[in-house]
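Written below as structure tokens is the structure these notes are about.
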Amino acid sequence: MDSNNTASTAVNNSNIKAMPIIISFLIAGFVGLFSETALNIALQNIINGFGISASSAQWLTTGYLLTLGVLVPVSGLIMQWFTTRQLFLTSLVFSIIGTIIAAVAPTFTVLLIARIVQAVGTALLLPLMFNTILNIIPPHRRGKAMGLIGLVIMFAPAVGPTISGLIIDKMTWHWIFWFSLPLLIVAFVFGAFFMQNVTQLTKPKIDILSIILSTIGFGGVVYGFSHAGEGGGWGDPIVIVSIAAGVLSLILFSVRQVKMDQPMMNLNAFKYPMFVLGLVLILVSMMVMLSSMILLPLYLQTSLALTPLVAGLTMLPGGVINGLLSPVMGGLFDKYGPRFLVTPGLIIVTLVMFGFSTISLDTSTGFIIGLHIALMIGISMIMMPAQTNGLNQLPPSLYPDGTAIMNTLQQVAGAIGTAVAISIMTAGQKSFMEDAANPQDPATMIQAFTEGVQSSFIFGIIVAIVGVVISFFIRRVKVDHQAN
């Protein structure tokens with residue numbers, strides 16, 4: 001396909017200073033992803049403060065994911081209409097406004113609106129970050145650069161619950177957002193001085209029908225799975241209609257993109273086998289990781305009766321180690337390629353899932369910390385190597401589309417993984433209660449919950465094994481094209 005018509009192409013990057021650009025993205029990305037998980041620990045406080053139900057509070061996460069699912073697919077098109085600098089600063093403006101609104105939110109509705117505004121900023125930032133790295137860093141050095149991005153992507157969500165627990169212990173949940181605000185302002189000022197434009201704008205024709213189909217498609221699937229995970233159940237008419245409408249819209253969207261001369265999302269990226277393989281492995285990792293990240297805090301606070309702060313601290317070492325290892329894994333990828341890392345990483349993840357499926361009321365926190373550290377090491381060996389290797393196979397004209405596809409489907413995989421995990425947990429819990437002699441006994445209820453968590457981790461085992469099998473087919477991409 002003609003890159004002049006279908007995708008943004010790199011400008012002459014000989015005068016571009018890569019490090020200040022990367023630092024700008026690292027600061028902005030850290031705050032955006034920190035606030036995403038920091039709020040999870042505060043949900044109970046928000047429920048009590050506003051007098052709402054747990055299912056209503058879950059909309060703070062669902063609304064965020066839904067906004068990403070709707071906007072990220074359009075990001076490939078947006079990056080061809082607006083400059084890197086314009087999009088970076090705009091994303092931070094949305095993030096800053098959303099953070100201020102959340103910090104002063106007097107009602108739950110205002111807080112939900114603030115989260116959606118924040119998600120708009122994240123939806124613009126993440127694809128732009130990956131696309132920019134692909135354009136300014138040559139293929140043989142991308143592993144290390146992607147590793148730095150991985151450090152932020154994994155470290156920020158890891159420290160989010162811990163810092164949130166510390167804040168809530170001393171102050172109200174509003175201070176989670178006041179903590180984020182100065183860092184966002186620093187990122188905006190830094191970006192205003194150092195962010196440079198790294199692509200030429202092609203301004204392709206905007207196809208309204210494609211945007212509508214994409215919105216209904218990705219939005220319907222994310223909403224349907226999220227609603228099922230929130231307790232709606234798979235037989236709920238809302239779940240069935242949402243997922244069915246979403247899948248049908250995605251089929252129509254795909255058919256339309258293939259037939260268009262200037263598609264909104266160029267699906268030719270799927271013609272590159274290592275891109276497809278890397279994408280599948282990332283989706284496997286996201287499903288396992290996000291389902292674990294929602295199950296473990298629930299288990300720690302319910303089954304082991306830990307406080308939010310202690311639960312956050314329990315998950316901190318694994319997240320920190322994962323973040324620190326991401327640049328290391330990036331360097332190893334540059335040197336040895338993906339197979340050396342990805343297959344062993346998936347084997348580690350599979351063994352960890354087996355370990356998590358054995359947890360009980362008597363399991364020690366040390367055992368959980370050890371398994372979580374091993375899980376995060378395994379994930380660090382998979383995510384960035386698989387992603388970088390896959391994107392390396394694409395020609396530069398497909399970079400915006402490749403990053404949009406990967407980022408969009410990660411949100412979908414996250415929604416599916418968490419929904420299935422929660423559903424299996426609920427079903428396991430219900431099955432145990434049906435056979436219980438005294439279902440009203442609090443100890444029995446906690447045991448039932450623990451049994452449900454064990455069952456849910458079996459889902460993680462199956463997904464991880466599928467990943468191991470697929471990983472045997474991965475090979476290092478020989479890059480013929482270079483970043484300009």
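The values are calculated or read from the model by the stated rules, or taken from the named source; none is laboratory data. In this text the structure is predicted, and so the values were computed from the model without any measurement. Calculation scope for accessible area: heavy atoms of the full protein, side chains included, ligands and nucleic acids excluded. Shrake-Rupley method; radii C 1.70, N 1.55, O 1.52, S 1.80 Å.
For Trp81, Trp175, give me the order by solvent-accessible area with a 1.4 Å probe, most accessible first, ignoring ligands, DNA and RNA.
Trp175, Trp81
Assuming 0.36 nm per residue, please report the length gained on full extension of the stretch Asp261 to Val186 beyond their Cα-Cα distance.
Once the chain is fully extended between Asp261 and Val186, it gains 22.8 nm.
Per residue, what volume in Å³ does the convex hull of the Cα atoms of the chain enclose?
Spelled out: Cα convex hull of the chain, divided by residues, is 131 Å³.
Accessible surface of Arg475 in the full protein assembly, 1.4 angstrom probe, to the nearest 10 Å²?
120 Å²
Determine, for the chain, the count of lysine pairs separated by eight or more sequence positions (or lying on different chains) whose alpha-carbon distance falls under 22 Å. Could you put the intermediate results ahead of the total?
Details: Lys17/Lys144; Lys144/Lys335; Lys144/Lys478; Lys203/Lys259; Lys205/Lys259; Lys259/Lys271; Lys271/Lys478; Lys335/Lys478.
Qualifying lysine pairs in the chain: 8.
Counting alpha carbon pairs within less than 8 Å and at least 6 residues apart, what relative contact order, in whole percent, applies to the chain?
Numbers: 863 pairs, mean separation 119.0, N = 484.
It rounds to 25 percent for the chain.
Probe 1.4 Å, all protein chains in place: accessible area of Leu166 in Å², nearest 10?
Number for this one is 100 Å².
Averaging the inverse of every distinct alpha carbon separation and then flipping it gives the Kirkwood radius. What is it for the range 205-261, in angstrom units? It would help to have the intermediate numbers written out before the result.
Details: mean 1/r = 0.0858 Å⁻¹.
Result for the range 205-261, one decimal place: 11.7 Å.
Take Met293, Met353 and sort them by solvent-accessible surface of the protein heavy atoms, 1.4 Å probe, largest at the top.
So, going from the largest accessible area down, we get Met293, Met353.
Probe radius 1.4 Å, ligands and nucleic acids left out: which of Phe459, Phe194, Phe155 has the largest accessible area, and how do the rest follow?
Largest accessible area first, the list is Phe194, Phe155, Phe459.
Enter the angle in degrees (range 0 to 90, nearest 10) between the Cα long axis of helix 84-103 and the first principal axis of the Cα atoms of the chain, meaning the one along which they spread out most.
20 degrees
Over the C-alpha atoms of the range 163-290, what are the Rg and the largest Cα-to-Cα span, Dmax, in Å?
Both quantities, over Cα of the range 163-290: 20.7, 58 Å.
Can you pull the percent of Cα pairs in the range 268-479 with separation above 24 Å?
Cα-Cα pairs in the range 268-479 separated by more than 24 Å: 44 percent.
If N is the number of residues in the range 16-201, what value comes out of its Cα radius of gyration divided by 2.2 N^0.38 Å?
1.04
Tally up the carbon and sulfur contribution to the accessible surface of the range 340-484 as a whole percent, 1.4 Å probe, everything protein left in place.
Of all accessible area on the range 340-484, carbon and sulfur atoms account for 66 percent.
Give the angle, between 0 and 90 degrees and rounded to the nearest 10, that separates the Cα long axis of helix 108-136 from the longest principal axis of the Cα atoms of the chain.
Helix 108-136 sits at roughly 40 degrees to that axis.
Quick one: how many Å² of Thr314 are accessible to a 1.4 Å probe, rounded to 10?
We get 10 Å² for Thr314.
Rounded to whole Å, give me the distance from the Cα center of the range 274-289 to that of the range 295-352.
16 Å
What angle do you read, to the nearest 10 degrees and between 0 and 90, between the alpha-carbon axis of helix 208-227 and the longest principal axis of the chain?
20 degrees
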